[in-house]
Amino acid sequence: MTALGFLYPGHSAEDDYPRVEQLLASDIRLDVVHTDIGEDAHRVDALLRMGSAEQLASGIEELRLTGAEAVVWACTGAGFVYGWEGAHDQVRSLAQAAGMPASSTSFAFVHAMRELGVRRVAVGATYPDDVAELFAQFLRAGGADVVAVRGAGVATAAQVATWGEKELFALAREADHADAEAVLLPDTALHTASHLPALEEALGKPVLTANQVTVWEALRLTDRRVNAPALGTLFTREPIVQV
């Protein structure tokens, strides 16, 4: 049994995780521990507070009790708002405090792109335009060529959590670009776990979503690889050898 831990702010789309656990169909347990979301707002100041060391520390002891072997900060916005170096500091602090390998959803997107061997991507973000652009800057710092950014302007995670299949697919289609090798949907408040193959079929290319890459990142930290076609191309491709 491999136990994976996730620090998740508040309550929005955390039900994606038991769904993913079911779709993995393996000896893998996903344990979600909730941190205090603070002010639920897709604003830079609120996201910086949400991702502070103090906020993350609030869930670490409970996480340890699950027996997790690795932890991922399951919040994209409250990671990339710190910038490339600041997000590294955030993850290092989390690993030190938790006493286990750690990462974040923001880095999961970068690592997942490298896994698939894609560089040119389009972003479909639920966030306002200024926050969406910060994610694009983060991806560029990680080596991506962001060819298009679509911000939906949703103010809170609670609002995003109410989105269904119609809104999800509309965002993905609006974000897509002919030059993009993959489409990225960066919000862990967005329910996507049940729609990944259909999204990829609709767009004709890999689609990377926040909760999907977050789980994949935790598996990567524990050197586990699972073939799970229901979770999209990311969970079926052989790894790209970096040279």
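Odds and ends about this structure:
- Placed amide H near Val146: partners under 5 Å, 5+ positions off or other chain: Val121
- Between the entries (1) 26; (2) 8; (3) 14, the label attached to percent of Cα pairs over 33 Å apart calculated for this structure is (2).
- Segment 115-209: C-alpha gyration tensor shape, a/c 1.5 cut-off, then a/b vs b/c: oblate
- Each Lys and Arg Cβ is given +1 and each Asp and Glu Cβ -1; about its Cα centre, segment 1-45 then shows a dipole of about 160 debye.
- Averaging Cα coordinates gives a centre for segment 130-148 and one for segment 105-122; these two points are 11 Å apart.
- Placing +1 on each Lys and Arg Cβ and -1 on each Asp and Glu Cβ, with no other charges, gives the chain a dipole about its Cα centre of roughly 540 debye.
Bear in mind these aren't lab numbers, they're just calculated from the coordinates by the rules spelled out. Worth saying up front: this structure is predicted, and the values here are computed from it rather than measured. When we count neighbours, we look across all protein chains shown, and the Cβ atoms used for this are built from the backbone with ideal geometry, even at glycine.
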